[in-house]
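Student: One structure, pasted below without further comment.
The values are calculated or read from the model by the stated rules, or taken from the named source; none is laboratory data. Since we're looking at a predicted model, the values are computed, not measured. So basically every Cβ, Gly included, is an ideal-geometry build from the backbone, and we count neighbours across all protein chains shown. Heads up: the accessible areas ignore ligands, DNA and RNA and are worked out on the full protein's heavy atoms, side chains in. Shrake-Rupley method; radii C 1.70, N 1.55, O 1.52, S 1.80 Å.
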Amino acid sequence: MSILKRNIGNGINLYVSQMDKFKTITINIYINNRLSNETAKFALLPSVLKRGSLNYKTYKEMTRHLEELYGATFAFSVYKKGERQIAQFRLEIADSSYIKDDITEDGVKFISDVLLNPLVVNNGFDSKYVQQEKEKQKNLINSRINEKTKYAVDRCIEEMCKDEDFSIYELGSIDDVDKIDEINLYEYYKKVIKTLPIDIYVIGNVSADKIKSLFDKYFKIDSRDVVDIPDTPIYKKVDQVKYVQDKLDVTQGKLTLGFRTNVKPGDDEYFPLLVLSGVLGGGPFSKLFMNVREKASLAYYAQTRLERFKGLMLIMSGIEIENYQKALDIILKQVEEIRDGNISDYEFDSTIKALNTSMNSLKDSATQISDFYLSQNLSHTNYSIDDFINKINEVTKEDIIDVSKKIQLDTVYFMTKK
Amino acid sequence: MREIFNETIKEKMYHYEHESGLNVYVMPKKGFIKQYAMFATHYGSNDSQFIVPGEKNKTLVPDGIAHFLEHKMFEEEEGSIFEEFSKNGASANAYTNFTTTAYLFSSTDNFYDNLKLLLDFVQRPYFTDENVEKEKGIIAQEIRMYDDDPSWRLFFNMLGGLYHLHPVKVDIAGTIESISKIDKDILYKCYRTFYHPSNMVLFAVGDVDINKVLDIVNNSVKSDKRQGEIKRIYPNEPETINKNYVEQKMAVSMPLFNIGFKDYDVGYGGKKLLKKDIVTQICLEILAGRSSDLYEELYNDGLIDSTFDTEYVGEIDHGYSIIGGQSNDPEAVKQAVLDKISKVDSIDDSDLNRIKRKITGRFLKSFNSVESISHNFITYYMRGINILDYTTTIEEITNDDVLDRFKTFFNEKNCVLSVIKP
């Protein structure tokens, strides 16, 4: 699998990987920003753009057009990778060999229209659309508490990175949403389009030359002056572990532990860290699964997650509320075991193999392929998926023990009942 | 061995019936790195009363037992079978729903070894008093997790409103109280009743060799004497709803709602059910889909947001539609839905054709992922449907089919509103 890079304008990179195993062509457009007090505005933009464009003035018209295009999927999401905030627009259209038409050009035309030809009224966006989308965004921010498992992790990170930009929620704050109107949002939109780096990935049975000519034709932005997005600060010394509790109307306690790994995403040490995270809580072979779940019957899930672009490692688990101390002790004991070098061949080999499988599996998903390459750009590494796998396979137990010494517990978060 | 081909999506599938009665389906996917296999039994949480083949009296089992059994199948005399899959770099898992218990793995290497492991461990129960007790703590935490999940509660509260007696209203994992009654003897009894190969199906997808798959099946699947028919006992569900409104308070930011419609046109599977399924999806898209007038009106009135969605679930013996999302005024949404339904007296051909295109595209897309293919295959298989019949069925659907379904299925009398309030 190879990916070709083409430049289609100042700070607009087009990447194309042609392959015929998919039944669709997937276009992902990523606009890169940094978290700031403009985060709420940046997050609101895709919602407003999706309400109407110059050629499709309402969401209904837009949707009907997509349905005519054999149910093309058009979706956006706004999320963060480290302190970088990313707006992703994804369009998935049927490959011409399965339908009677070639709709690739329609697809590029459509997504370009939505992003670059917004509906503008008196030098601003449609005020009704902006007002409605502001309300929806505030509802989304408030509804974070609905999903307890994710919320318990978000809250831990928020407390842990209180004084860092990383604590900014990806949709911004209610107060910041309130300050937006159709005029300042449109001004901001023009700045976004003119100054932020844009990466476009196209995966499917289409040639790089054809895609480039289509984007040259439709995705035209004049006089771009692109800004640099700084890398996310990673290193932080922990003086004292923070203990935080939230009381909610719940029956299960959610325990989340936040660690500083002090490893940058582009460091060679990232690979031992990845394996460490797997040995600790990356599957049924891991220490957390074996000890918290299988041996002590304390939890249904107990696992780790790396927040690669901020250098964090999270451990999460759902437990009986009165088992807080017992679970915490067992979890911390597992981290100590790794530091002491108690890693069995089974744990180590299984982790390496599981990572091989999951990395190889990315090759079967167009959006995961795009995300992999985007992440390479962010970490200033230039690995292919196979290079990445080779790096994993070079990791030794000693490497894991070495990296484990850098990891520091920062915050213990517990969601408990009122 | 039979070959099945779908011209529209250009996919081929092989079907083979093993002498034990096990049905085997294989879909080769050239160029895919991942392989995926599912070994599933036609046994789920709905099967709580049955007559064991050869017995006279009916057996009544504790709620949540099919799911409990699924957890325990991973235990072997020598330890956990997860270990063997992990050694091959494969990831094994399982799920239980109302009608099905499915065991699965995904791998990128050692596919045939993993397939053998899958077939072997599901045919080898090992339950002890000790390992059964140990699992109760783990499943209790799984139950608690779902108890705190507003969408899950919303869904089951809706089912409780729709159904008087049908076991679909009972939580799949049971309750902490009901699972406390489970012991190894009752697990073995359920296992022996429902895990005979003739009650099961194997599905494999990926860049795999059909003949190698069949070799492993022939070597691993036991050909025990076929058992008699399993008599599953379901209560006589009345043709009315139980309650038209159900409400629960939870830690949510604004009310969540499900509007459920109970389907009385049930009792059949196969192509007829597939056609009803697609016709109903078309109705829901035309009524409340993203391109509908109703969606636009409700959205502009601030009554719904982008979480608003529709779904139809059509099983052989029961079915329902869900229209759901979050809103500060779920009653008003329900009223608007019912008003719109009462005004439908014809279907626009352009709407119908556009939605048919959309559904065709969605089906096509699902063949990009071995997971989606497997899950869709198993779901429809349990309803007597082959998913490769999907595209020809879409083509058969007429304007009258859709209008008839609109008139008969969607009305206030079979409609339930379930709400989770802050």
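Student: If you line up the long axis of helix B:330-343 against the longest principal axis of chain B, both from Cα atoms, how many degrees apart are they, to the nearest 10?
Tutor: 70 degrees
Student: Let me ask another. Packing-wise, with mean Cβ within 10 Å as the measure, how do A:199-205, A:135-141, B:253-259 rank, highest first?
Tutor: Averaged packing, sorted descending, gives the order A:199-205, B:253-259, A:135-141.
Student: Report the relative contact order of chain A, percent, no decimals, based on alpha-carbon pairs under 8 angstrom and at least 6 residues apart.
Tutor: This gives 22 percent for chain A.
Student: Roughly how many debye, to the nearest 20, is the charge dipole of the protein assembly as shown about its Cα centre, given +1 on each Lys and Arg Cβ, -1 on each Asp and Glu Cβ, and no other charges?
Tutor: In debye, rounded to 20, the protein assembly as shown gives about 420.
Student: Towards the positive end of the charge dipole of the stretch A:4-218, with charges on Cβ (+1 Lys, Arg; -1 Asp, Glu), say which of A:Thr26, A:Gly124, A:Ala40 has the farthest Cα.
Tutor: Toward the positive end, the furthest listed residue is A:Thr26.
Student: Taking the alpha-carbon distance from B:Lys276 and a cut-off under 15 Å, which aspartates and glutamates remain once sequence neighbours fewer than 8 residues away in the same chain are dropped?
Tutor: Cross-link targets: B:Asp263, B:Asp265, B:Glu285, B:Glu311, B:Glu315, B:Asp317, B:Asp389, B:Glu395, B:Glu396, B:Asp400, B:Asp401, B:Asp404.
Student: Please give the average number of partner chain Cβ atoms lying within 10 Å of the Cβ of each residue in A:56-64, rounded to a whole number.
Tutor: Mean shielding count: 4.
Student: In debye, nearest 20, what is the charge dipole magnitude of chain B about its Cα centre with +1 on Lys and Arg Cβ and -1 on Asp and Glu Cβ, if you could check?
Tutor: So the dipole magnitude of chain B works out to roughly 620 debye.
Student: For A:Asp225, what charge total do you get from the other residues with a beta carbon under 15 Å from its beta carbon, if Lys and Arg give +1 and Asp and Glu give -1?
Tutor: Result for the local shell: +2.
Student: Within the accessible area of the protein assembly as shown, what % is carbon and sulfur when the probe is 1.4 Å and the other protein chains stay in place?
Tutor: Ligands and nucleic acids excluded, carbon and sulfur give 46 percent.
Student: Using a Gaussian network model of chain B with C-alpha springs under 10 Å, which one of B:Ile33, B:Ile278, B:Ile176 is most mobile by mean-square fluctuation?
Tutor: Largest GNM mean-square fluctuation: B:Ile33.
Student: Please work out how much accessible surface A:Glu336 shows to a 1.4 Å probe, ignoring ligands, DNA and RNA, in Å² rounded to 10.
Tutor: Rounded to the nearest 10, the figure is 80 Å².
Student: Separate question: To the nearest Å, what is the center-to-center distance of the stretch B:355-412 and the stretch A:387-418, using C-alpha atoms only?
Tutor: Centre-to-centre (Cα) distance: 45 Å.
Student: Can I ask one more? Give the average, rounded to an integer, of partner chain Cβ atoms located within 10 angstrom of each Cβ in B:85-94.
Tutor: Mean partner-chain Cβ count within 10 Å for B:85-94: 5.
Student: Can you work out the accessible area per residue across the stretch B:26-154, with the rest of the protein chains kept in place, probe 1.4 Å, in square angstrom?
Tutor: 34 Å²
Student: For the pair A:Gln131 and B:Asn219, how long in nm is the line joining their label points, each one 7 Å along Cα→Cβ?
Tutor: 7.2 nm
Student: With point charges of +1 on the Cβ of Lys and Arg and -1 on the Cβ of Asp and Glu, referenced to the Cα centre of the stretch B:1-116, which listed residue (B:Asn46, B:Ser86, B:Asn57) lies farthest in the positive direction of the dipole?
Tutor: B:Asn46
Student: Give me the angle, in degrees from 0 to 90, between the Cα long axis of helix B:370-381 and the longest principal axis of the Cα atoms of chain B, rounded to the nearest 10.
Tutor: Between helix and principal axis, roughly 80 degrees.
Student: Could you tell me the calculated FRET efficiency between B:Ser20 and A:Asp228, based on Cβ-Cβ distance and R0 = 56 angstrom, to the nearest 0.05?
Tutor: Between B:Ser20 and A:Asp228 the formula returns 0.30.
Student: Further, regarding this structure: Could the peptides A:34-45, B:213-224 be put in order, highest first, of the mean number of other beta-carbon atoms found within 10 Å of their residues?
Tutor: By packing density, highest mean first, the sequence is A:34-45, B:213-224.
Student: Less than 18 Å from a label point 7 Å out along the Cα-to-Cβ axis of A:Thr416: which backbone N atoms in the stretch A:321-338 qualify, by residue?
Tutor: A:321-332
Student: Under the rule a/c < 1.5 gives rounded, and otherwise a/b versus b/c splits prolate from oblate, where does the protein assembly as shown land using the Cα gyration tensor?
Tutor: Rounded.
Student: Which one, B:Pro167, A:Asn13, A:Phe219, projects farthest toward the positive side of the charge dipole computed for the protein assembly as shown from Cβ point charges (K/R +1, D/E -1)?
Tutor: With unit charges placed on the Cβ atoms, the residue in question is A:Phe219.
Student: Let me ask you something else. Calculate the spin-label point distance for B:Asp129 paired with A:Lys190, positioning each point 7 Å from the Cα along the beta-carbon direction, and give it in nanometres.
Tutor: In this crude spin-label approximation the distance works out to 8.0 nm.
Student: Another question, if that's okay. So for each of B:142-154, A:304-316 I average, over its residues, the number of other beta carbons within 10 Å; can you give me the resulting order with the highest mean first?
Tutor: Ranking the peptides B:142-154, A:304-316 by packing returns A:304-316, B:142-154.
Student: Related question: Based on the Cβ-Cβ distance of A:Ser384 and B:Glu77, what FRET efficiency does E = 1/(1 + (r/R0)^6) give at R0 = 30 Å, to the nearest 0.05?
Tutor: Given R0 = 30 Å and the Cβ-Cβ separation, E is 0.10.
Student: For chain B, set up a Gaussian network in which alpha carbons nearer than 10 Å are linked by springs, and say which option among B:Thr128, B:Thr280, B:Thr391 fluctuates the most.
Tutor: Top of the fluctuation ranking is B:Thr128.
Student: For peptide B:352-360, compute the average count of partner chain beta-carbon atoms within 10 Å of each residue's beta-carbon.
Tutor: What the average comes to for B:352-360 is 4.
Student: Additional query: Can you give me the angle between helix B:349-366 and the longest principal axis of chain B, using Cα atoms only, in degrees from 0 to 90, rounded to the nearest 10?
Tutor: Relative to chain B, helix B:349-366 is tipped by roughly 20 degrees.
Student: Further question on the same structure: How charged is the neighbourhood of A:Leu171? Take every other residue with its Cβ under 12 Å from the Cβ of A:Leu171, and add Lys/Arg as +1 and Asp/Glu as -1.
Tutor: In short, +2.
Student: Between A:Lys287, A:Lys353, A:Lys134, which gets the highest mean-square fluctuation from a Gaussian network model of chain A, Cα cutoff 10 Å?
Tutor: A:Lys353
Student: Tally Lys/Arg at +1 and Asp/Glu at -1 over every other residue whose Cβ is under 11 Å from the Cβ of A:Met313; what's the total?
Tutor: Around A:Met313, the charge tally is +3.
Student: To the nearest 0.05, what FRET efficiency results for B:Glu396 and A:Ala75 with a Förster distance of 25 Å applied to their C-beta separation?
Tutor: 0.25
Student: Under the definition of Cα pairs under 8 Å and six or more residues apart, what whole-number percent is the relative contact order of the stretch B:110-201?
Tutor: After rounding, I find 39 percent.
Student: Can you pull the one-decimal nm distance between simple spin-label points at B:Arg362 and A:Tyr346, each 7 Å off the Cα toward Cβ?
Tutor: 4.4 nm
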